[in-house]
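Let me begin by presenting the structure, written as structure tokens, before commenting on it.
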Amino acid sequence: MAISLSSLNRLSAPKPPRIVLYGVHGIGKNTFASAAPKPVLINIEDGQPSDTPIDAFPRATSFTEVMEALTALCSEDHDFETVVVDSLDWLEPLVWRETCSRKQWADIEDPGYGKGYLAALDTWRDYFDAINFLRDEKHMAIIQTAHAQISRFNSPESEPYDRYEIKLQKLASGLAQEHADIVLFANYKVSTTKTDVGFNKKVTRGVGGGQRVIYTEERPAFLAKNRHRLPPELPLDWNALASAMSAASAAAAA
């Protein structure tokens, strides 16, 4: 089909979000996800999802089983509105194993020079294609959880520094971020205070009240992004995020 101005369509209604939520251990990622509308869990990590009951597929122990669960959601009738994948960093070894099976490698580093991780991106794309189908055709929101890790970041504009990143191999992390509309970093709210201990010496201590928050914009200390003009910081609560998205959508429409 020839492309011309007559082929233009106006994209107005926003699609359900594709969210990657990563954070420190035990912060409450699954509790956040279970509060989303009519969630269903792709259970890979086999942890305690949350205090809220949630429908879940049997724990997936292979990439094929993950894809079978996603295919069921793509092809069968259901009233689920949100798919929760827990978690991306537990999915990664299954992706590597599947890639090695396809390539007949002993392990993901068998081809050397990082070629195994590059080949694994094709397997990851099969997964993201299914995720995108659920969002585009089944109109389901996507929440993918992950753990955080502290990595050295070599900035071209400053000296290297440490920051929180998604606990995935670098290429896979980049692909996950590319496919997400929202990348949220969850952490406890911490402030610092300086105490005079004498002899002209001060000690800096972290102070926190246990408040759990999500960050929506990238900072030197962590990765984050959003395409919804969200506030840079929100409570770690699904309703808070949903309200902020609705407000941002209304403001954009006005």
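Pairs are defined by a Cβ separation below 7 Å, a sequence spacing of at least 6 or placement on different chains, a first member in the stretch 243-254 that is part of a helix (DSSP H, G or I) and of a type outside the set (S, T, N, Q), and a second member that is open to solvent by 60 Å² or more (accessible area, probe 1.4 Å) and modelled with pLDDT of 85 or more; the pairs so defined are A248/R229; A252/R229. Going through E76, E68, E109 one at a time, which residue ends up being within 21 Å of K138 (Cα to Cα) and more than 22 Å from the chain's Cα centre (by Cα)? Selected residue: E76, the only one of E76, E68, E109 that is within 21 Å of K138 (Cα to Cα) and more than 22 Å from the chain's Cα centre (by Cα). Within the stretch 99-119, the residues that satisfy the criterion of being assigned to a helix (DSSP H, G or I) and not basic (K, R) are T99, C100, S101, G116, Y117, L118, A119.
Of the residues making up the stretch 206-217, those that are surrounded by 15 or more Cβ atoms within 10 Å (Cβ to Cβ) and either outside any loop (DSSP other than H, G, I, E, B) or modelled with pLDDT under 95 (or both) number 4.
Summed over the stretch 56-76, the residues that are in contact with a Leu (Cβ under 9 Å, 6 or more places away or on another chain) and exposed (fewer than 11 other Cβ atoms within 10 Å of the Cβ) give a count of 0. A single entry from H25, H78 fulfils the requirement of being at pLDDT 95 or above and not hydrophobic (A, V, I, L, M, F, W, C): H78. Write out, first by first residue and then by second, each pair whose Cβ atoms fall under 7 Å of each other, whose residues are 6+ apart or on separate chains, and whose first residue, in the stretch 104-120, is under 15 Å from L175 (Cα atoms) and open to solvent by less than 50 Å² (accessible area, probe 1.4 Å) while the second is in a loop (DSSP other than H, G, I, E, B) and polar (S, T, N, Q). If the second residue must be in a loop (DSSP other than H, G, I, E, B) and polar (S, T, N, Q), the pairs left are Y117/Q169. Could you check how many residues of the stretch 111-135 are at pLDDT below 95 and not hydroxyl-bearing (S, T, Y)? Count: 3.
So which of D126, D79 ends up being surrounded by 13 or more Cβ atoms within 10 Å (Cβ to Cβ) and either touching a residue at least 12 places away in the same chain (Cβ under 8 Å) or polar (S, T, N, Q) (or both)?
The conditions single out D126.
The values are calculated or read from the model by the stated rules, or taken from the named source; none is laboratory data. Since this is a predicted model, take the numbers as computed values, not measurements. Cβ: placed from backbone, ideal geometry, glycine included. Neighbour counts: every protein chain shown. Surface areas here come from the heavy atoms of the whole protein model, side chains and all, with no ligands, DNA or RNA. Shrake-Rupley method; radii C 1.70, N 1.55, O 1.52, S 1.80 Å.
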